[in-house]
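The values are calculated or read from the model by the stated rules, or taken from the named source; none is laboratory data. These numbers come from a predicted model, not from an experiment. Cβ placement follows ideal geometry from the backbone for every residue including glycine, while neighbour counts extend to all protein chains displayed.
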């Protein structure tokens, strides 16, 4: 069982990624870390937006109800 052309191609690709330039892997990982940080920041901003606000209270004196309307509410 020898190495096929696909195996050699994959090994060559890994070797190029690992040894193919100064800091290529570290730059890829740095970009990935930036993406993760921005994703987490977006999630935390969404959670802050979902907090319910205090209900608004309308300060209004009670209105007078006529006798006719009271009878309608009692029977209805």
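Between 53, 47, the distinction of being modelled with pLDDT under 75, loosely packed, with under 10 Cβ neighbours inside 10 Å and not in a loop (DSSP other than H, G, I, E, B) belongs to 47 only. Across region 4-40, the qualifying residues are those that are surrounded by 10 or more Cβ atoms within 10 Å (Cβ to Cβ) and assigned to a loop (DSSP other than H, G, I, E, B), and the one among them that is modelled with the lowest pLDDT is 21.
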